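The values are calculated or read from the model by the stated rules, or taken from the named source; none is laboratory data. Keep in mind the model is a prediction, meaning the values are calculated, not measured. Because the Cβ atoms are built from the backbone with ideal geometry, glycine has one as well, and the counts that use them run over all protein chains shown.
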Amino acid sequence: MEKAILFDPALCTACRACQVACKQWNANGAVQTTSRGSYENPSDLTPETWLKIEFREVERNGNFDWLFTRRACMHCTDAACVRVCPTGALRHHELGFVTYHKDLCSGCGYCRDFCPFDTPRSERDFLTGLAKMEKCTLCMTPGLDRVAAGYEPACVKSCPTDALKYGGRGELSAEGRKRIQALQARGYTNAYLYGEKELGGLHVMYVLGDSPEVYGLPTDPKVPPATFAWKDVLQPLGWAVGALTLVGLGLNYLVARKTKLSRERTDKKEEGNAARG
Amino acid sequence: MQQEVEKYSKSTRILHWVHAGSFAVLFLTGLVLFIPPLGTLAQDGWSRLLHRVAAVIFVVAPLIYLGMYWEKSMTAIREAFTWGKEDFGWMKAGYRYYFQCDEEAMPPQGHMNTGQKMWWLLVMVSWAGFLITGAVMWFAKTLAPPVFLQWAVFLHDLVFIGTGVMFFVHIYMSVGHPLVHPLREGAWNSMFRGKVSVHYARTHHGKWFEEIVRSQGKNS
């Protein structure tokens, strides 16, 4: 059965317990940051920060709104990162999440180039290119696997207002739809359950009171077209062309050797005839 | 002893083998990302590190050669773009020559035959293609807009497929084809020792041989 996380920004108080719990459970250290005049901190996802709450100040209908958005891997069903990962380090879990097998990571960074949500991060050595990608593992890192042990992910466990919920994806999307209807009834006409259908269904869904871009989320995210051109057309074509070339060269060898030998035989015969005659 | 003529100078041969060697490393370390079952060989990125070392050699070696031997380089580059009726003759005779081993069918070829010219052209084009797309991935990772990085990977792969496949054809044509046996004649000798027998020059690069004979006639 597919599982998911449901995030309701209206319930979020931006206490960032989830941020801290994520770091604590996954043994990611704190990073020194500088004040940028906002409570939002750190400023971006990093290899040590797999989850962060973004703060947004918006004006709607003459009212000031402080919107909080959860930023982390969205665990797409149609995940561009899984499509492009050349080593199989990124895969789908049977629960629907995108799991990460760090041992296998080659550090190529294709996942970061192709992720529609720009969530994978890595520390890259400029000269050698050596790197290891990092992203939310949904607390399923081997040895630290909360989900297999029957617990909720650390972020959900730590949430004091139930802005984060973990459960069956079907139940949570039903719950999300109900909340959207309630929002719409109260005049939030743009209210939208983000992630229910995006990219074949995300495994982190958002109960948005407004259109996605207000929350800094991409409207109608897509697997980049280059993914298909590369992985579904060019690469299979490359295998075919490579194999056909090797077969073709082999055939040429057989044909050419045969004709060459028969030519030599007739030449010899003619020489012999000439010598005799 | 049989008389010989020089086909490739020592500096050209060194460039050839350095470039070919670095390409072989690039080919294999790229292949592990291209064929999924080989993917595990790339883990921890050591193949990528090797790829970068080889890439520097692959890009820089021709530039050093260009700086040291400008005149010779220009002559060689001109050679790739100089096409005459013997090249159309090569294409027409291709099947009879390479499949039916009919050596009479081939019109006299220049210093490089048409196949060699096409490969040499492809080497120049793909050198630039690998360099541009590779530089984007090396130096602009996370800096360039993602769409550039996405298509850089695509184009790098495209050049890889074209050049990788022709790399095999090149090796086969030089040392594998029944007509080039035994190995220690012709193409192999020209790139390994630099010299080919007069007989080989006359029969396989007739137009070039004529030119040598003519210029020697003028000199003496």
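Of the residues in the range B:91-112, none is under 16 Å from the mean Cα position of the chain (by Cα) and surrounded by fewer than 16 Cβ atoms within 10 Å (Cβ to Cβ). From the list B:W46, B:W70, the one residue that fits, being away from chain A (no Cβ under 14 Å) and either farther than 22 Å from B:E6 by Cβ or out of contact with any Phe, Trp or Tyr (no Cβ under 9 Å at 6 or more places or on another chain) (or both), is B:W70. With respect to the conditions (1) under 37 Å from the mean Cα position of the chain (by Cα); (2) not basic (K, R); (3) not assigned by TED's automatic domain parsing to the domain that holds A:A191, A:D210 lacks only one, and its number is (3). Looking only at the range A:121-171, residues that are of a type in the set (S, T, Y) and closer than 15 Å to A:V204 by Cα come to 2 in all.
Matching residues to (1) away from chain A (no Cβ under 14 Å); (2) surrounded by 15 or more Cβ atoms within 10 Å (Cβ to Cβ); (3) at pLDDT below 85:
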position	(1), (2), (3)
B:I161	no, yes, no
B:F167	no, yes, no
B:M173	no, yes, no
B:W188	yes, yes, no
B:G194	yes, yes, no
B:E210	yes, no, no
B:S215	yes, no, no
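Would you check if B:W151 is assigned to a helix (DSSP H, G or I) and within 14 Å of chain A (Cβ to nearest Cβ)? Here the answer is yes, as B:W151 does meet what is asked.
Residues are listed down the side, and each one gets a yes or a no for (1) closer than 16 Å to B:L131 by Cβ; (2) surrounded by 15 or more Cβ atoms within 10 Å (Cβ to Cβ):
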| residue | (1), (2) |
| --- | --- |
| B:A24 | no, no |
| B:L33 | no, yes |
| B:A42 | no, yes |
| B:L49 | no, yes |
| B:I57 | yes, yes |
| B:Y65 | yes, yes |
| B:W70 | no, no |
| B:A80 | no, yes |
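Across the range A:202-234, the qualifying residues are those that are crowded, with 19+ Cβ neighbours inside 10 Å and small (G, A, S), and the one among them that is farthest from A:C115 (Cα to Cα) is A:G209. Scanning the range A:104-131 for residues that are among the β-branched types (V, I, T) and facing chain B (nearest Cβ under 8 Å) gives a single hit, A:T128.
The number of residues in the range A:238-277 being more than 21 Å from B:I161 (Cα to Cα), facing chain B (nearest Cβ under 7 Å) and of a type outside the set (A, V, I, L, M) comes to 5. Only one entry of B:L31, B:L41 meets the criterion of being out of contact with any Leu (no Cβ under 8 Å at 6 or more places or on another chain), within 10 Å of another protein chain (Cβ to nearest Cβ) and on the phi < 0 side of the Ramachandran plot, and that entry is B:L41.
Among the residues of the range A:67-82, at least one is at pLDDT 95 or above, assigned to a helix (DSSP H, G or I), within 25 Å of A:R146 (Cα to Cα) and within 19 Å of the chain's Cα centre (by Cα). Being crowded, with 16+ Cβ neighbours inside 10 Å, within 14 Å of chain A (Cβ to nearest Cβ) and in a helix (DSSP H, G or I) is a property that does not hold for B:F130. Which residue is farthest from the chain's Cα centre (by Cα), if the candidates are limited to the range B:70-86 and must be of a type in the set (D, E) and modelled with pLDDT under 95? If we take residues in the range B:70-86 being of a type in the set (D, E) and modelled with pLDDT under 95, then B:E86 is farthest from the chain's Cα centre (by Cα).
Annotation: B:P145 fulfils all but one of (1) within 11 Å of chain A (Cβ to nearest Cβ); (2) under 30 Å from A:L130 (Cβ atoms); (3) surrounded by 14 or more Cβ atoms within 10 Å (Cβ to Cβ); the unmet one is (3).
Yes/no matrix, rows are residues, columns are (1) within 30 Å of B:F160 (Cα to Cα); (2) in the same structural domain as A:G150 (by TED's automatic domain parsing); (3) acidic (D, E); (4) part of a helix (DSSP H, G or I):
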| residue | (1), (2), (3), (4) |
| --- | --- |
| A:A174 | no, yes, no, yes |
| A:L246 | yes, no, no, yes |
| A:Y253 | yes, no, no, yes |
| A:K258 | no, no, no, yes |
| A:S262 | no, no, no, yes |
